[in-house]
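Below: the structure, in structure tokens.
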Amino acid sequence: MATSTKSLAFSAQYVAAVHIICSLAAFLVPLGLTLYYHYHEVVKNEFFSYPDEWFPSVSATIGDWYPERAAFQYLIALAATPRMLVLMLWFSLSGSKKPSVVITTIIGVLRTALCGGWVYVTSTDDHDMHDVFMIAYLLMNAPWFIMTSKYSPPNASASRVRKCGSFLFVGTVFPLIYWYIQHKFKRIPGAYTIYAFFEWSLIFWDVLFDSALYFDFQPMRLNFHVADSPIKSVSSGVVPKSHEDDKKYTYAKAASSSLKKKTEYEPVCSKSHILSSFIQFSSETYLAYIFWSVITSLGLLIWYFPLWHMGISGYEASILVQLSPFLLAIPFLRQLTFRAPFIPLSLTLTGVAAYLVTDPVYRLFTVAFAVFNGCLGWSSVFSKSKDSPVLLERRITTFLLGLIASSVAKYSFFSNNPIWPILNERNGGKQPLALGLGVLATLGFALCSSGSKLPEASPPETSKDSSAFASIFGLGSTLFGLHTLLCDSTILISWAWDGYPIRGPQPYPHGAISIIVALLAIIMAPRLYRSFSFMLFGFVASCYGSYVFYLKHGWESYLGGLVLSSYVLISAFPSIRFAVASSPSKVFGGAFLVYSLYAFAHVWVVAYEFVPGGSVLREKTSYLLIALAVGLFCPLLGYSSFSSKKRSTGVKANTEETHAIKRGFKKSIIIATYLAFMALKYANMYKPPYDYTPYHPDEKIFTAGIWTIHFGLDDYMWGAENRIRDVVRDMELDVFGLLESDTQRLIMGFRDLTQFLSHDLGMYADYGPGPDKHTWGATLFSKFPIVNSTHHLLPSPYGELAPAIHATLDVYGELVDVVVSHNGQYENALDRHLQSTELSRIMKESTRPLVFLGYVVSHVGEEPQTILTRGNGMLDIEPADFDRWCQYILYRGVKRIGYARLHRSTVTDTELQTGKFQVASDLGANVRIAAEKIPESHRYPTKFEGKGINGHYYDNNNVIHEPWYYD
């Protein structure tokens, strides 16, 4: 029996259009109704009403009043059918057999279900459940945005709409949160109205993103067939518009395929492509900045625990999270990170958010989790790019630019990275802004990373039998060199420092030179590393630079360090290029293992007194530099130039490769120029004036102090620089020494406490023996010009090295010597005896008035403390204070007028000990008197009397309840 059929065909774009119209109408119609019927009621909130608040929020519009609520729910129900249809059509169009498309579709369905949750459970019905559905819906938008953009069919119009919608959506979330806080917690009138505008914006950006499906469905038609028979059948399918259109569709598809191939291998000069490419480049650079900021903070947080345990704590094992690339040996995990590297890279942001965790242990674990993901993510990014050398070069460039960006961030904040987890809103942390930019960078990285490949460049010829071990050791050495030489602009400067008069570079302004030289090395590296001759010459130069850097001081040492660090940056390109040729789990996992071993050795050279087997590496930084040189030589083994193979000069350079390299070069120039400009800005902004005024110049009084500061970390693992500055300023110290202050090490974040304190307090600073001398550090600060200073390493045959500074100050026109020292631990009696004997000799040979500020580790009146006053005219500032143990103040040739100890609060584990002196010919009777008998200008600040302020007061172990004064 013959049957006839009837058909209905229409464009799939109609379904997307209906979805857009219903979605917008569901919100705009209730908004119009509520403004007409219940304006004053809906603009009112829990704190304010009209006229302070004058525009309703989304929740108030759709959930509180009739008929608005009914209209909203009716229209959103109408939108449900086309919403599910567009998901099915996208699923069919994008490839229903692909697991990634299936997952994306499931996310879309779940997102729809969550939307129904906050639609039909309003804030009036159940405020908590409404918020749960709403927050879950917003969070689900992130994977929906990223995965839809990544797995949708290529379509320029749809891609532009998605990028615009996602960036606007994410960019709106942060001001939305800010204004909600202003309303909810600070109760600012009108804040909720501003919040409402951002809330409505999210609705429009959400619809805008989904409207991209309209462009995706352009070639699709829905065709419904109905048969006229006793048994009717209904079928539907996706077909071209007509037979004629079938030809056009086939032709268009072929043209599209041809165009796609063309754009893969030819430079695209459209504005949208240029913008997308730059967004991707900038996003990768920012994510690299996040990675370097997080990984450089890990050692700092680990250090907190052995610092308080005075030995191995167990938390040092956290460094093993850097071995996460070994997990790439698991096929599922390797495929996941290769397809979606933005997942581990986005999780690295948890290291920035770690400042929200107050408990030090859990804060460390949070950062460790971030480092775990960062190492895994970047290993995947590099390995995934191995088939496109141009893309790989670009990602190495962004990786290195991110490192220098972290250095610039530290330069802007006196060697503290403003997004480190030791900082918060009270001591200068900038994490909220960094997190917002991090989310945008993650989206930019994911959305702008199209599936097309960059043109393949001709790689430098490599030896086929190049050793995997050489790749591992070379890459691990490079990572260690990048970290220890370039994560802070003043590392090279602190190594070159040798006291006053100044004979070398200063952090400000010369730190900018370190940054600019590093940026030049990164920009030029892609054009230099391909030449084996240049790399061989550079390696020899770096070895000489390493030699000069370690053994010399001043400008000579600094220039040697610049040569070494520049070569490390250039060597990063062949190191990573050769690493990706082998198994990613083996090479990158092994490289981070080598890097971790370097890190332990870097600690052992100075912490040998507190670690097992420490004597093996005692003061052996030279061994590390030799190992680094061997590691930097390893990439050279990959060049086939050893067998004199030369590339044919008759073969022209690949045109596509040339264009791609030029585009990458231009983007790196833009980023590098910006970073250089910022470095020069801070170099000029923080350049010291060298013109400081003491607190009591008319009376010729100076107040001196000594404080052991536990490397600038307080009891709760927060940076203590601000608190140290406030105490010193409030106590009106003109001269003071800080001990345990050498923080220019991997485990201490390569910080320099002197930069911040000298700037904010307006003082000259002598860093003391630099990190190349393997001590825990001694630093001198002075309101008075430092005429000369000499650094000493006191005799230490068995225990830790003891640093000392012997400086001459111009105090009110008279030369006064100051000695600051940090003697060894109690366990080594011979060391402490020899060190005190040497200090006594130094003070005895001085012919000027002298003040000693030091850490002696001795009971009052016993050796080695008594050695310091034997036969050299030095006097103990207060022999009656028997409670002292570590810190002592001695003096000679100046008039003692006051003595006070200030409680440490939670800044460190030692009190601040101070003495007031006067430069005078009459040294007085040297007897204790009541405070009322001396001029008020001679007294200590009254704010620390009684309970004091911020936990600081004139009292320590109930010995000194108030300052003592003398005549």
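Values in this text are rule-based calculations from the coordinates and carry no lab data. All figures in this text were calculated on a predicted structure; none of them were measured in a lab. Cβ placement follows ideal geometry from the backbone for every residue including glycine, while neighbour counts extend to all protein chains displayed.
One table, with the values for the structure above:
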| item | result |
| --- | --- |
| Modelled FRET efficiency - R0 25 Å, Gln335 with Val109, Cβ distances, 0.05 increments | 0.60 |
| CD proxy at 222 nm, helix term only [per DSSP H run n ≥ 4: -39500 (n - 2.57); per residue of the chain; nearest 500] | -18000 deg cm²/dmol |
| Rounded to the nearest 20 debye, dipole of the stretch 701-966 from Cβ charges on Lys, Arg, Asp, Glu | 440 debye |
| Net charge, Phe750 excluded, C-beta distance under 14 Å - Lys, Arg +1, Asp, Glu -1 | -1 |
| Antiparallel bridges, percent of DSSP beta bridges restricted to the chain (to nearest 5) | 85 percent |
| Dipole in debye (nearest 20) - the stretch 380-440, about Cα centre, beta carbon charges: Lys, Arg +1; Asp, Glu -1 | 40 debye |
| Proximal charge balance of Ser858 [Cβ under 14 Å; K/R count +1, D/E count -1] | -4 |
| Net charge contributed by nearby residues that have their C-beta within less than 12 Å of Gly799 (K/R +1, D/E -1) | -2 |
| Selected from Ser201, Leu298, Ala931, residue furthest toward positive end of dipole (the chain; charges at beta carbon) | Ser201 |
| Over the chain, relative contact order from alpha-carbon pairs under 8 Å, at least 6 apart, % | 9 percent |
| Top positive-direction residue, dipole computed over the stretch 701-966 with Cβ charges, set Ala765, Val820, Tyr899 | Tyr899 |
| Rounded to the nearest 20 debye, dipole of the chain from Cβ charges on Lys, Arg, Asp, Glu | 4700 debye |
| Cβ-Cβ FRET estimate between Ala541 and Phe469, R0 fixed at 41 Å, reported to 0.05 | 0.95 |
